[in-house]
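The structure is given below, and queries will be raised subsequently.
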Amino acid sequence: MRIDGILGVEDRDSKRCAINTARNKQKWLSRKEKWLVVLGVILHAVYMLSIFDIYFKTPIVHGMDPVPPRFVAPAKRLVLLVADGLRADKFFEPDSDSDGGYRAPFLRNIIRKQGRWGVSHARPPTESRPGHVAIIAGFYEDPSAVTKGWKANPVEFDSVFNQSRHIFSYGSPDIVPIFCGALPHSTWNTYPHEFEDFATDASFLDEWSFDQFQNLLNRSNQDPKLKQLLEQDKLVVFLHLLGCDSNGHAHKPFSSIYLNNVKVVDKIAEKVYNLMQSYFKDNQTAYIFTADHGMSDKGSHGDGHPTNTDTPLVAWGAGVGHPLPISHSDHHENTAARFIDDHLHDTATPSEWGLSGMTRLDVNQADIAPLMSTLLGLPCPVNSVGNLPLRYMNLNKAEEVEAVLANTKQILNQFLRKSQLKQSTSLFFKPFKPLASYASLLRQIEHLVSLKEYETAMKLSEHLRSLALEGLHYFQTYDWLMLMTVITLGYVGWMIYVVLHVLQSYTSLPANIFSKEQLPNPRRSTVKVHLLGGLSMGVVCTILLVEQSPPLYHAYVVMTMFLWTQIFSEYRFLKALSRYLCGKLNDYYLKLIATCIFSVIILELLVKSFTERKLYTWCFLTTGVAVAFYLFRSLPWRSGVPIFVWVACWFLSAFTLLPPQIPENTLLVVAGGLMIIAIGIILRYVELHAKDSIYWRSLAAPDSKKLKFPLLFHLQILLVGLASVLVWLSTSHRTEKRELLVLHQLMNWSIAGFSMILPLFSAAGLLPRLTSIFLGFAPPFLLLSIGYEALFYGALSLALIAWILVENAYLHISKFRLSSAQVKSMEGNFNLAHDNRCLELSDMRIPLAFMVFFNIAFFGTGNFASIASFEISSVYRFITIFSPFLMAALLIFKLLIPFILVICVFSAITKLVQIPLLGCYFLVILCSDVMTIHFFFLVRNKGSWMEIGNSISHFGIMSAQVVFVLMLFAGTNVFTKDILVRSAQQFSRKKL
């Protein structure tokens, strides 16, 4: 008795110690994971900023000396006419309203008798400010504008206007002040913003600009100072003609209003020419007619479509060559070379333009700036990257070489300045080797010019210019390799650290690999690693400090090195893990490699789905067939589950074929409400009959106690029905232009708010709780729906139910295949603190399925672009007075509801299969970071603003998932924390 008592006491003490040890371990794990989440948030926030140091760094530098051409200026003054939004084909093609005539007869006469012409190729983003910057300053959109706003110049820069003696400018209030407002030697004026009325013909805006300039010249006859100013050399007249742009947006470029505006700008060009010729009478005026961008058939611009990038260019007057008849020698360009908009050189001129016999001289838009500078005898703008289009000019051989050499020296000066700035701060400077001997090359060119060997000097000058442009790109991307390597290593390090945490905290590996070892003190064993890591950080940060690197460079490096220090501090575990893996059979390696490959393929498809929504259609069509076939072959009893999974997947697959801009259809919303009610009734039926089957029993409530609110299900069905009726009533009021009653709005708010609270009072079983959540969020979603997205809510719910059924089936299939030895092994594979089993390799399917459903919830009915172009009816049932913040909040909440369903089902599945939720959360973050790295390399700093913005938002969305998913977990935990499921441990012990 005494000995038994002593043994009983010892047994109780050992149990108590085991419980205390488990509690202490759980507290330590909780603290570590809080720290890990904070680290993840900081890391993703810092790394998200890296794209602005890599992709969106301004190319503009200051401190270069201007390089004036060493010959007499061909022109005394220059007139620049920019027809905003005029596309090339609409300018050159014949006018269908006149028999054989053209829309621009004056400028076509200039092309045939006085000047030269071609197509100016603009680079996206094809917008007004970037286009004008290219024309007058010679460089393309400053990528740093993405952080500073698109409406103003992010960095001050040189331009033809700056170098001129005086600039006279009239036109749009959105353009003229940007380029002339800060110049002391400018005279300018703009019409009020109210004049830009899209409901009218905007061609009168072009007439206004001409009238202002005509009045200026008339006024000079009575103003001696103004007369003296106008008679100076190096004068620029800039008329911004907005009519085509406004009419293209409002009426489309095929409309009679737009096409008539082309005739208007042609007449204005004629009036300006006649006015200048009659006023100055010296034939020393040069004229440039072009456009900043074109106009798409839809009445928009911004991207790289030819209708947006191809703009007309006509030059004539002093210093400009006369028309060139076409000849075989004209096609001297390399046909493989491409313009800045990626169009091939020497493309055929459309026959309908009627200009096949005239030499067409296409240029890049930035080439116009050095052309204007050379005509006026001005230095090229110091920030210009344009190549002088020499064939537009009427110069002798010596002047041609001098003009190109000045253009080359100007670009070379930019290169030298960038090289100097980088070398002055870099400890390990790597020069641009092709230009190491630029000085001797310049001396050689100068010597050839002195010997009058102009052709050789010209070739060397052009070669030097092309090398200088390559050098500019070299220094613009000088830090890219270092930064991209650091950021990539940081993401990889974070993912490895997350994997190590999951392996150590949520798998059986620690018990397996350390079972026969005496563990050393972990604090002592990692001191050297942390000291070495800290010393390395200090050395690298000192180097960055000496190099005067931006503060964020330090943050990137410190974060990456800190992560890798943490990884190396786990060298004991890594060493034991490698020994453990070496003892495994080949089958294990095949499973591990197959899982990794399959995971990467799924995640890469998800990356592609951001631009190709139709991939989800193929995904669910394939999954529906494959999973249904697997269940049909594997389930040991007859069941309708395979057919249900197949139908649910195929139904959901249809929605990513529909347009993301949802057309309004109230009948579909009401049909969606009826569908939701039908799904709810079916789920209720399954719940009530679940106790009759072992298969369904784990999905039902674990006890048979009477519910606190037995009529809860009926109340929720009633609220869904009321929401459907109110949708129909609200739409009919708006259609009939009747005011929506305040009582009606209060009912909508009340039903939406009250229905979302009811799931808290539902039964704690998995199926009844999820059914209640599904019905609880249906009314607000219906009241915010305008079309097929109401059906999408039901389709997504059916697919999520199919996911639950598949996991439940897989659970039962696994149990029936277990041997008695495996049962004992499984019983020892549970975490006693939470009654959860350890994670296994096959459990990776759950985070991957979550990623697919999470993304289909986002792209199933479009994406956030729909917020910017939403139908007022989306929020009309809740608010009728314009309130942008409340309206945006309602639309965002609508987009969050599908996410809430996915998160709730994910949490319930982790309880069903008895795996730790936080362990799965870290695996989800691991998957999202695989996609984040891919999007990091897909960020664009060229293209339309929409393309650039989308690439940034894709990267930002994935980076923010570490916080976004966690917040959704925390929010939905209110509904899912008390879900009860019969544990697998109980089943294995009692049934098997």
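The values are calculated or read from the model by the stated rules, or taken from the named source; none is laboratory data. The structure presented is a predicted model; accordingly, all values stated were derived computationally and were not measured. Heads up, the Cβs are rebuilt from the backbone with ideal geometry, glycines too, and the neighbour counts pull from every protein chain shown. Accessible surface is based on the protein model in full, side chains and every heavy atom, while ligands, DNA and RNA are left aside. Shrake-Rupley method; radii C 1.70, N 1.55, O 1.52, S 1.80 Å.
Provide the per-residue ³J(HN,Hα) series for region 243-248, in order, calculated from phi with Karplus coefficients 6.51, -1.76, 1.60 and θ = phi - 60°, each as a whole number of Hz, with x at glycine and proline positions.
Running phi through 6.51 cos²θ - 1.76 cosθ + 1.60 with θ = phi - 60° gives x, 4, 5, 5, 5, x Hz.
A further question follows. For residue 345, tell me the accessible area in Å² from a 1.4 Å probe, rounded to the nearest 10.
Using a 1.4 Å probe on the heavy atoms, I get roughly 30 Å².
For a test of the definition: using alpha carbon positions, the gyration tensor, and the 1.5 limit on a/c, classify region 480-583 as rounded, prolate or oblate.
prolate
Show that you can apply the helix-only estimate: for the chain, add -39,500 (n - 2.57) for every DSSP H stretch of four or more residues, divide by all residues, and state [θ] at 222 nm to the nearest 500.
Here the helix-only value at 222 nm equals -20000 deg cm²/dmol.
Please state the shape class of region 396-477: rounded when a/c is under 1.5, otherwise prolate if a/b exceeds b/c and oblate if not, all from the C-alpha gyration tensor.
Since a/c reaches 1.5 and a/b is larger than b/c, the shape of region 396-477 is classed as prolate.
Right, another one. Could you sort out which of 32/591; 422/452; 397/422; 32/575; 76/298 sit more than 32 Å apart by Cα distance in this structure?
In this structure, 422/452; 397/422; 76/298 exceed 32 Å between Cα atoms.
Another question, if that's okay. Residues in region 218-260 near a label at residue 72, defined as backbone nitrogen under 18 Å from the 7 Å Cα→Cβ point?
Label zone hits: 232-235.
Under 5 Å between amide hydrogens, which residues at least 5 positions from residue 393 or on another chain qualify, with H placed 1.01 Å from N in the peptide plane?
HN-HN under 5 Å from residue 393: 321.
Sum up the charges of everything whose Cβ sits under 14 Å from the Cβ of residue 475, counting Lys and Arg as +1 and Asp and Glu as -1, but leave residue 475 out.
Cβ neighbours under 14 Å give a net charge of +4.
Using only protein heavy atoms and a 1.4 Å probe, report how much of residue 608 is accessible, in Å² to the nearest 10.
110
Also: What distance in nm separates the simple spin-label points at residue 689 and residue 397, each placed 7 Å from Cα in the Cβ direction?
9.9
From the Cα gyration tensor of region 103-235, with a ≥ b ≥ c the square roots of its eigenvalues, which class applies: rounded if a/c is under 1.5, or else prolate if a/b is larger than b/c, or else oblate?
Rounded, since a/c falls under 1.5.
I've got another one for you. Can you tell me which of 582-592, 913-923, 187-197, 61-71 comes out highest on packing, and rank the rest after it, using the mean Cβ neighbours within 10 Å?
Descending mean neighbour count gives 913-923, 61-71, 187-197, 582-592.
Mind checking the full-extension length gain between residue 356 and residue 38? Use 0.36 nm per residue of separation minus the Cα-Cα distance, one decimal, nm.
107.8 nm
Figure the gain on full extension for residue 579 and residue 452 (residue separation times 0.36 nm, minus the Cα-Cα span) and round it to one decimal in nm.
Details: separation 127, 0.36 × 127 = 45.72 nm, distance 7.70 nm.
Computed gain between residue 579 and residue 452 is 38.0 nm.
Just how much of residue 607 is accessible, in Å², when a 1.4 Å probe is used and the result is rounded to the nearest 10?
So the heavy atoms of residue 607 present about 10 Å² to solvent.
While we're on this one: Hey, if we sort 796, 688, 49 by accessible area with the 1.4 Å probe, largest down, what's the order?
688, 49, 796
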